[in-house]
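Reviewing the structure listed below.
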Amino acid sequence: MSNYKLDARNSLCPMPVIKTQNKVNELQPGDILEVTCTDPGALSDIPAWCRINGHQIIDTKENNGVVVINLRVGN
Amino acid sequence: MSTPRKAVALISGGLDSLLAAKLMLEQGIHVEGINFYTGFCVEGHTHAIRKKDSKKPKRNNALWSAEQLGIKLHILDIIDEYKDVVINPKHGYGANMNPCLDCKIFMVGKAKQWMQEKGFDFIITGEVIGQRPMSQRKDLLPVVVRESGADDLLLRPLCAQNLAPTLPEREGWVDREKLLAFHGRNRKPQMALAKTFGFEDYASPAGGCCFLTDKNYSNKLIDLWQARNKKEYELDDIMLLKVGRHIRPAPHYKLIVSREDGENKFLNGYRKQFSTIEIKSHNGPLTLVDGELCDEDIKQAARIAARFSQGREADSVTVKFTRLNGEETMLNVPPMSASEIKQEWYV
């Protein structure tokens, strides 16, 4: 299991989701990915994408317009 | 027990594609969705840039549809490939800069490619005969089939009974009798069907999913191409057309003036790509400058930006102009009056 980071700041929906999707496709089940975004919609979209595709949201944080989402890659 | 046949559904986030996919799931077909991001898509998030719209639900409707259906959704970035569709549409544009027929042909063609790569059996769309003037006319539906290369692997469940049977129907993968015969612009049948499936809060039916169908947006795109003297764009170009007031006081430069705080924040992300104008003596918008400005232009641009600040009635407003190389110039300028800003400057 490894930890990875993805910078998706300054991109608007659905680019943060697409960037997350493309990064997750390179990772292994159990890997942790931290995604940083500035589009507040990512707070709903990335968790929705994870639910649909079998990945787990560990936590989400929003501070001063910056959204940080940690997810665990599913099988 | 045999393995279910697999269909890839084009999921736009609207009602029709939601219903088409649901009809296939009801027949035991394994369905996965694909959604294409062209850069011109109208999404809640684009509107959410503007603070006044911040109470609108910030959701991606394609993801929402997939979640309602319980299917996987694959969002494909086709920004670069799609440029040729917008710039050189073989079948021309619709009422504005919308190349709807070429767009549909392109997307179905991409879906076929995806289907083959992933080992799926056929493609479904939510098209309905006669619902839209360009891409869903009865005489043009076969054009999509032919030019996309999808041939009889393209099934349109909502209007299939009005069309010749496709391979999935002829082979008995799906029961044609359970497909529908919707046609025309009347949305009531779709709404009634949505109700039977328990779908509520779906995105506004039909249309409005692409900025290229919008007259104001299309005018800005045409202006961009005219100013550059060539038809080309990058993603940032078409994103910025969605934001702010666009004012072209002279052929060689354009101002993008934010309208409120949300747009200020968004435009702030482009400081490294554009010269900027900030209002220092009053609250006011951030303005991006697209083009090279001489000293007289800077003064004119500063006066225009000042017009949209809270100092619009003041005798003088202090403005900071920052060039792309970081060089700063402070100016004190009288804001333009409303009548001085010519109507034809607004793009």
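Which members of region B:302-347 meet the condition of being among the acidic types (Asp, Glu) and in contact with a strand residue (DSSP E or B) (Cβ under 8 Å, 6 or more places away or on another chain)?
Looking only at region B:302-347, we keep the residues that are among the acidic types (Asp, Glu), and these are B:313, B:315, B:327-328, B:340, B:344.
Selection gives B:328 alone.
Would you confirm, using the coordinates I've provided, whether residue A:75 is farther than 14 Å from residue B:73 by Cα and among the polar types (S, T, N, Q)?
Yes.
Right, residue B:337: among the polar types (S, T, N, Q), more than 22 Å from residue B:261 (Cα to Cα) and in a loop (DSSP other than H, G, I, E, B) or not? Spell out how you get there, then give the answer.
Working: among the polar types (S, T, N, Q): yes; more than 22 Å from residue B:261 (Cα to Cα): yes; in a loop (DSSP other than H, G, I, E, B): yes.
Judged against the criteria, residue B:337 is a match.
Answer yes if at least one residue in region B:105-112 is free of Cβ contacts under 8 Å to residues at least 60 places away in the same chain and not hydrophobic (A, V, I, L, M, F, W, C), and no otherwise.
yes
Could you go through region B:111-121 and let me know if any residue there is closer than 30 Å to residue B:346 by Cβ, in contact with a Ser or Thr (Cβ under 9 Å, 6 or more places away or on another chain) and assigned to a helix (DSSP H, G or I).
no
Any residue at all in region B:83-98 that's in contact with a strand residue (DSSP E or B) (Cβ under 7 Å, 6 or more places away or on another chain), surrounded by 22 or more Cβ atoms within 10 Å (Cβ to Cβ) and not polar (S, T, N, Q)?
Looking through region B:83-98, none of the residues is in contact with a strand residue (DSSP E or B) (Cβ under 7 Å, 6 or more places away or on another chain), surrounded by 22 or more Cβ atoms within 10 Å (Cβ to Cβ) and not polar (S, T, N, Q).
Just a yes or no: is a residue in region B:78-94 under 24 Å from residue B:20 (Cα atoms) and at pLDDT 95 or above?
Among the residues of region B:78-94, at least one is under 24 Å from residue B:20 (Cα atoms) and at pLDDT 95 or above, which makes the answer yes.
Would you call residue B:186 within 22 Å of the chain's Cα centre (by Cα) and either at pLDDT below 90 or within 30 Å of residue B:342 (Cβ to Cβ) (or both)?
Criteria not met by residue B:186.
Hey, does region A:27-35 have a residue that's within 22 Å of residue B:62 (Cα to Cα), touching a helix residue (DSSP H, G or I) at 6+ places or on another chain (Cβ under 8 Å) and modelled with pLDDT of 95 or more?
Yes.
If I ask for residues that are of a type in the set (A, V, I, L, M, F, W, C) and over 24 Å from residue A:15 (Cα atoms), which ones from region B:235-256 would you list?
Those that are of a type in the set (A, V, I, L, M, F, W, C) and over 24 Å from residue A:15 (Cα atoms): B:247, B:250, B:255.
Taking into account only those residues within region B:65-75 that are over 15 Å from residue A:45 (Cβ atoms) and crowded, with 18+ Cβ neighbours inside 10 Å, which is nearest to the other protein chains (Cβ to nearest Cβ)?
B:71
The values are calculated or read from the model by the stated rules, or taken from the named source; none is laboratory data. On a predicted model such as this, the values are computed, not experimentally measured, just so you know. Here Cβ is always computed from backbone atoms with ideal geometry, including for glycine, and neighbour counts include all displayed protein chains.
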